[in-house]
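Q: Please find one structure pasted underneath; my questions will follow.
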Amino acid sequence: MLATTQNSTQQQIKFKNTAVSIANYLAKEAIWDGDRCNWIGHSVENVSNKYQVVRQSFSRDFYSGTSGIAYFLASLLRFHEDPIIEEVLNGCMNQVLQLNEKTDHLASNFGFHGGRMGIAFSIIESGKLRKNQAWINEGLALLDKICHSEIQEYELDIISGVAGAIPILLRYHKEFNNQLYLDTAIRCGQSLLDKATKTETSWAWLSPMSSKALTGYSHGNAGIALALLELYAYTQEPKYYTAAMYGFNYERTLYNPTVQNWPDLREMGTGQTPSTPTYGEAWCHGAPGIALSRLRAWELSGDNTFKQEAEIALSTTYKGVYNMLTQQSEHANFSLCHGLAGNVDILFSGAEKLSNSLYVQIAHQAAELGIEKYEKTGLNWPSGVNDPSQLTKGMGETPGFMLGLSGTGYFYLRLAYPGQVESLLVL
C-alpha cells in the first residue's frame, strides 16, 4: 500500500510538472503590447477560397483564443503559485477584456467554444479562481449583454450556438440567482424546439456544415439533445424532455453496431456526403463525444439505455486509444478536440462515473507517452491543427485550448488533480 501511495504521489507530481512546463513555455512565447499579451500560432484558415495552415495571432474565443489560454493559466495557479505565470495571466486577461465587438469579429454570441458565451465563462471562472472581483464583474456584464442579444438562425450547436449556452446559463442562474439567465436559457431552448426538423420518431437539427443533421457532440444531435435534457432537469418542463429523447433517437437510427460508432455526416466541402460513411473517434465527431453525452444523460435521467450506449462508445474510444499507444502513431496529436488528450480525458471521465480502473490505467499510459516523447525531449507537442492536404497532421504548434498547448496542459492538470479540476469537454 505504501509503494502504491508513493507511486501515485510521484505520478501526480509528474503530471503537475508537465502542466507547469507547458505554462512556462506559453509565458516565454507570449508577445506583449503594454500590459496585454497574445500569441502567434498555427491555424487552418480560408485563404483565397482554399483552406491552408497559416501562422497568426488569436482572437479571444475559448476554442483557440486567449480566453481559453487564460482559463488554463488561472486553473494552474490554483495549485502552483508563480509570479511569472500570474503576470502572463493578467496580460492575457487584459487582452481578452480590451477586445470588443468592433475589433473581435466573432459570429456567435451564444456559442461556448466559438462565441462570446465561452469568453464570459472564462472571465468569470478565472476571476473566481484568482479571487478577482473585477474580472467576475466584467464577465457578468458580458453575460448580461449576451442575454439581451438576438439568437441568430445558425446558432444551434455546442461550439457556435445555444446548445453551448444553455448549461452555462443554468449554472450561473443557480449560482447568482439572476432570473435573466434562466429566462435566456428558456429562450435558447425554445429556439431549438422551433428549429428542429421533426418526424414521428426523431428530431434533428441541420448544421451549416452539412445538408444533413449531424451526429456527435460538438456540432451534432448529441450535444443539442443533451442541452435540452439539462434544461428539462432544471425546469421540469416536459417539452424539453420530449425534444431531448427524440434528438437522441435520431442518432440511434444511424448507429452502426458493426463498428460500434456513429457516422460523421459532414460534407467536408465536397458538395456531397461521401457514399461510404466515415466514423470519427474524437470529442467533436464520433464515439468519444457521444460517450460523454450519454454519461451525462444517464446521470440526469437515470435511464440505463444511456448507460449502455455510453459503455459501447467508451469501449470504442478505448480501442482507438489502445491502438494509438501500441502502434505509436505519428499522426496522434495531444489536442482536446480531436486528439489523444481529448479521448483520454473522456475515458478518465468514464472511469470516474463507472468506476472502471482500466480507463484510468490507459489514461496514465497515454500521459506517460506524452511526457517521454515531448516533455523530456523538448520536441513540440503535436497539435490538432491539421494540414488540409492530410499529409502532415498535427504539425503546427498552437497555444489554444481545444487544439493546442493550453488544452494539453489542462489535460495533465486534470490527471494530477482528479475530482478538483473539472472536464470542459462536456458543459
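Q: Do we have any residue at all in the range 233-250 that's among the hydroxyl-bearing types (Ser, Thr, Tyr), surrounded by fewer than 15 Cβ atoms within 10 Å (Cβ to Cβ) and either modelled with pLDDT under 95 or outside any helix (DSSP H, G or I) (or both)?
A: no
Q: Let me ask you something else. Please go through the range 81-91 and pick out each residue that is of a type outside the set (Val, Ile, Thr), closer than 21 Å to Thr18 by Cα and either in contact with a Phe, Trp or Tyr (Cβ under 6 Å, 6 or more places away or on another chain) or assigned to a helix (DSSP H, G or I) (or both).
A: Pro83, Glu86, Glu87, Leu89
Q: Every residue in the range 104-135 that is among the acidic types (Asp, Glu) and open to solvent by less than 10 Å² (accessible area, probe 1.4 Å), please.
A: Once the filter is applied, which keeps residues that are among the acidic types (Asp, Glu) and open to solvent by less than 10 Å² (accessible area, probe 1.4 Å), the range 104-135 yields only Asp104.
Q: While we're on this one: Within the set of pairs 6+ apart or on separate chains, which have a first residue in the range 245-261 that is over 17 Å from Ser315 (Cβ atoms), a second that is open to solvent by 60 Å² or more (accessible area, probe 1.4 Å) and not in a helix (DSSP H, G or I), and C-beta atoms under 7 Å apart?
A: Asn249/Thr201
Q: Quick check on my filter: what residues within the range 288-328 are open to solvent by 40 Å² or more (accessible area, probe 1.4 Å) and modelled with pLDDT under 95?
A: Listed by number, the residues that qualify are Asn323, Met324, Thr326, Gln327, Gln328.
Q: Can you say whether Leu140 is at pLDDT below 95 and on the phi < 0 side of the Ramachandran plot, as far as the supplied structure shows?
A: Considered against the rule, which asks whether it is at pLDDT below 95 and on the phi < 0 side of the Ramachandran plot, Leu140 comes out as no.
Q: Could you tell me whether the range 42-50 includes any residue that is within 20 Å of Thr408 (Cα to Cα) and of a type in the set (Ser, Thr, Tyr)?
A: Checked against the condition, which is being within 20 Å of Thr408 (Cα to Cα) and of a type in the set (Ser, Thr, Tyr), the range 42-50 yields at least one hit.
Q: Right, something else. Any idea which of Glu352, Glu372 is of a type in the set (Asp, Glu) and touching a residue at least 40 places away in the same chain (Cβ under 8 Å)?
A: Only one candidate qualifies: Glu352.
Q: Right, something else. Could you list, in sequence order, all residues of the range 51-80 that are open to solvent by 10 Å² or more (accessible area, probe 1.4 Å) and part of a loop (DSSP other than H, G, I, E, B)?
A: Phe58, Ser59, Arg60, Asp61, Tyr63, Ser64, Arg78, Phe79, His80
The values are calculated or read from the model by the stated rules, or taken from the named source; none is laboratory data. All figures in this text were calculated on a predicted structure; none of them were measured in a lab. FYI the Cβ positions are ideal-geometry reconstructions off the backbone, even for glycines, and counts take in every protein chain you see. Accessible surface areas use protein heavy atoms only, side chains included; no ligands, DNA or RNA. Shrake-Rupley method; radii C 1.70, N 1.55, O 1.52, S 1.80 Å.
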